[in-house]
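What follows is a set of notes on a single structure, which appears directly below.
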Amino acid sequence: MIQLDGLHGQVAIVGSGIAGLIAALELAPQPVVLITRAGLGQESSSAWAQGGIAAALGADDDPAQHLADTLQAGDGLCDGSVASDILADAHEAITMLESYGVCFDMIADGAYAFGREAAHSHRRILHVGGDRTGAEIISALTRAVLQCPSITCLTDVEARRLTTTNGRVTGIHVQHGRQAEVLRTSQVVMATGGCGGLFDASTNPSGNYGQGVMMATRAGAALRDMEFVQFHPTALDTPQTPLYLVSEAVRGEGAILVDQNGKRFMAHMPGAELAPRDVVARAVHQVIADGGRVFLDARTTLGSSFAQHFPSIYGICNAHGIDPVREPIPVRPAAHYHMGGIAVDRNARTTLTGLWAIGECAATGLHGANRLASNSLLEAVVMGRRAAHSIAGCKIQIPRTALEPEWLPHPDLGLVRSLVSRHLGVIRDEAGLRSAISNLLPMVESAGCASDPALVALSVAIFAYLRCESRGGHYRSDFPNSESMTRANQMTLTEILTHAGSICQEPLLRTA
C-alpha cells in the first residue's frame, strides 16, 4: 500500500541515484519524500559507475585545465559558463561526499590516488574501492539517508505522471501494484537517470527508458540536446542484458584495443585508445560492422595485477569464462549515457514552475555533444546540492485539489527498443530516422503500453533528424561533417509532435 498521510506538501524527489540522494540529504531538516521504484540506489546507473568522479585537485591540475578538456570533448556545444561553475565546485563536492562517509582511494602518503580516462589531459579521476566507485558512494549516501529523520522513503513505488495547474506543478502520480495515488506538492525534483534501456545493447538498467524526461515533457517542460547519446566503446561482449561495462580506466592504465587478428586499430588516431568516446565507439563499431570482433588487451600493461586494480571487472570476466590476465577481453559499443534531457538552468530549475531536474535526466550544458569521462558523477553531486539550495529558498504549498489518479499499465519497451536499436544507434541516417519517426509517432498517440518509452525515443529521433551534421555522440552518415549550427537545441512536446507530423509528410532523400 502507498501511505501518503502526512506527506502532502513535502518536496518530492523521484529517483535514488547519487543526485537524488544528495538533494534529499542537503534539504535536511526540511521534510522530503524520496520516491524510488526499487530499493534505495537499486536499478540506478550511479551504483554501476566504475570509472570514478572527475575532480581537478592534483598539484599539477586546476579547474581551468579541467574546463578546457570538458569543452574540447563537448565539441562546441557546452555552455562554458555553466561548465566552469560546476567544475569549480569539485573540491566542495568531494569534501561533502567525504562528510557523508565516502572514503576515496589514497596512495601511501595519504594523497588521493588519481586515475586517468579518455580525453583528460591529467590524472584527475577519484575512485572508491578501485572500480566500485558508484556502488560505494551509493552505499554511503544510502546509510546517511536512512539515518536522516527528515527523509521519508517510498520504495517500490513508481512515479508515472506530474499533475499541473496553470503551468505549475501540483502533484505527482505514483503507483504500487494496482494502486494509484497523487502526492500533492508544489515542488518536485526529477532524478530518474537516463534512457539507455531504450537500446538492446546498453550498460544501463533495462527499465531506465527516460521516465523523468517523459513525465517532464508531458507536463510541459522543455527538452534539450536529446540527440546526443554516448555509446561506451567497451562493454563486455556477452549475451548478458544489460551489458557489463569494462571501464575506460582499464584503457587509462594502458590496455589497447585490437581486432580479431590482433591488429591495434586505434594507434593512428589522436589520443589512440584514450580519444574521446564517440571516436573510439565509432572505430569499434566499424570493425564489428565489417564482420570482425574487438578485444581489449590488458595482458602487457596490467597482467597479473588486473584483479588488484579492477576487482569487479575481473570477477565479471571470470564469471563469463574470460581471464583478463591471460587473454584479451571481447568488447562492443553500448548505449551508456544521455547528454540530453530536461532543460535546466544553473540551479537545476526547469522551464516548468515547481519542477527541478538533476543527474542524467537533466541537460545542464556541461556535457555538450559528448560527455567527458567521469564528469557525470561530479555533476550529479554539484547539481543535487544546488537544487536543494534553490528549493530551500522557495515557499512550498499543498495544492487543494489534484486529479483523481487513474492506474496506468506497465510500459512495454519491446517494439520501441527494436526501432531505437536499429535506427538511433552509433551511426544514423535520414532514411533510418524517418522510419523511426513514422513508427514511433503512432505509438505515442495511441496512449498504449508503448506510449511512454515511444515518446522519449521519438524525442531523440526528432532532435537527431533536425541536426543535419555529425557532432560528438550524434553521427549522421549522410552528414558526416560538423557544421556551425545549433538547430533543434530545445523543444517542448508540442513542437516535437509538430515536427514529427511534418516529417512524416516530407519527401525522402534530402541532400547535404
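The numbers here are math on the coordinates, done by the rules we state, and not lab data. Note that this is a predicted model, so its numbers are computed, not measured. Glycine also receives a Cβ, built like all others from the backbone with ideal geometry; neighbour counts cover every protein chain displayed.
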Using Cα pairs under 8 angstrom and six or more residues apart, how large is the relative contact order of the chain, in percent?
-> 21
Expressed as a whole-number percentage, the relative contact order of the stretch 409-512 with C-alpha contacts under 8 angstrom and at least six residues apart is 30
Please label the shape of the stretch 183-303 as rounded, prolate or oblate, based on the square roots a ≥ b ≥ c of the eigenvalues of the alpha-carbon gyration tensor (a/c under 1.5 means rounded; beyond that, a/b larger than b/c means prolate, else oblate).
-> prolate
Per residue of the chain, what 222 nm ellipticity follows from adding -39500 (n - 2.57) for every DSSP H run with n ≥ 4, rounded to the nearest 500?
-> -10000 deg cm²/dmol
On each of the three principal axes of the Cα atoms of the chain, give max minus min coordinate, whole Å, ordered largest first.
-> 66, 63, 42
Dimensionless Rg ratio for the stretch 409-512, taking C-alpha atoms and the 2.2 N^0.38 Å reference = 1.04
Cα Rg over Rh - the stretch 234-334, Kirkwood | 0.93
Within-12-Å neighbourhood charge of Ala450 [Cβ basis; K, R +1; D, E -1] | -2
A chain fully extended from Ser81 to Thr155 at 0.36 nm per residue, minus the present Cα-Cα distance, gains in nm 22.9 nm
Count the DSSP beta bridges whose two residues both fall in the chain, then state the antiparallel fraction as a percent rounded to the nearest 5.
-> 65
Treat each spin label as a single point 7 Å out from the Cα along the C-beta direction, and report the Cys468 to Ala319 distance in nm.
-> 4.8
For the chain, which DSSP H helices look membrane-span-like by this rule: Cα extent along the axis of 27 Å or more and mean Kyte-Doolittle of at least -1.0?
-> none
